[in-house]
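Novice: One structure, as structure tokens, below. Some questions next.
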Amino acid sequence: MTLGSFRRGYERVLEWICIVLMIALAVEVTAGVVFRYSGHSLVWYDEVATILLAWVTFYGSALAVLKHAHMGVPEVVRLLPPGWRVAAAVVAQLCAIAFFVLLAWVGYSILEILASDRLVSLPDVPVALAHSAIPVSAVLIVIAQLLVFPELLREARAQPAHAEKPA
């Protein structure tokens, strides 16, 4: 299996996770509205919708890394001399990876603190389950950062678009 085929498979898995979460969120919110309109509000609807929205956001962030859809300023990097472009790309990737490794570690530590807490509207569901999206998505983002790293290095080594080509 090549890195490219692994990346495409990883991207498909993240897409499906996001699709399933978005469908679940849409169904849950629609059910909440229907039940509220009928006069039989669901006590858990708001809390579950908030959790699903957070999960879509966190898991969608890992997918966004693969698609280069996060905010950035690649034009500034392209204006740098070739050696500096590569250094800037490496430093940026290392900083991002370090941040998400730290987020995964802290997120996991918080899960241990929340182990005995339960959701307010669904007392059988642990709060740690709801917050598990933080460390899990941080690990998924680190994997995505590592998968796009070779591509970012190629782009950093490439000649900038504004540079004149030799005659």
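The values are calculated or read from the model by the stated rules, or taken from the named source; none is laboratory data. Computed from a prediction, not measured in an experiment: that's the story for all the values here. In this analysis, Cβ positions are derived from the backbone assuming ideal geometry, glycine residues included, and neighbour counts consider all displayed protein chains.
Novice: Would you say Ala144 is within 13 Å of the chain's Cα centre (by Cα), in contact (Cβ under 8 Å) with a residue 40 or more places away in the chain and surrounded by 12 or more Cβ atoms within 10 Å (Cβ to Cβ)?
Specialist: Considered against the rule, which asks whether it is within 13 Å of the chain's Cα centre (by Cα), in contact (Cβ under 8 Å) with a residue 40 or more places away in the chain and surrounded by 12 or more Cβ atoms within 10 Å (Cβ to Cβ), Ala144 comes out as yes.
Novice: Somewhere in segment 110-118, is a residue part of a helix (DSSP H, G or I), touching a residue at least 40 places away in the same chain (Cβ under 8 Å) and surrounded by fewer than 14 Cβ atoms within 10 Å (Cβ to Cβ)?
Specialist: Checked segment 110-118: no residue is part of a helix (DSSP H, G or I), touching a residue at least 40 places away in the same chain (Cβ under 8 Å) and surrounded by fewer than 14 Cβ atoms within 10 Å (Cβ to Cβ).
Novice: Residues to consider are Pro81, Pro74; find the one that is at pLDDT 85 or above, over 13 Å from the mean Cα position of the chain (by Cα) and more than 30 Å from Ala128 (Cα to Cα).
Specialist: Numbers: Pro74 fails: at pLDDT 85 or above.
Exactly one of Pro81, Pro74 is at pLDDT 85 or above, over 13 Å from the mean Cα position of the chain (by Cα) and more than 30 Å from Ala128 (Cα to Cα), namely Pro81.
Novice: Do we find that Val56 is surrounded by 13 or more Cβ atoms within 10 Å (Cβ to Cβ) and modelled with pLDDT under 90 in this structure?
Specialist: No; evaluated as a whole, the condition is false for this residue.
Novice: Looking at Ala130, Ala138, which one is part of a helix (DSSP H, G or I) and within 17 Å of Leu63 (Cα to Cα)?
Specialist: Result: Ala138 is the single residue among Ala130, Ala138 that is part of a helix (DSSP H, G or I) and within 17 Å of Leu63 (Cα to Cα).
Novice: Going by the structure shown, is Val86 modelled with pLDDT of 90 or more, of a type in the set (A, V, I, L, M) and surrounded by 12 or more Cβ atoms within 10 Å (Cβ to Cβ)?
Specialist: On the way: modelled with pLDDT of 90 or more: no; of a type in the set (A, V, I, L, M): yes; surrounded by 12 or more Cβ atoms within 10 Å (Cβ to Cβ): yes.
No.
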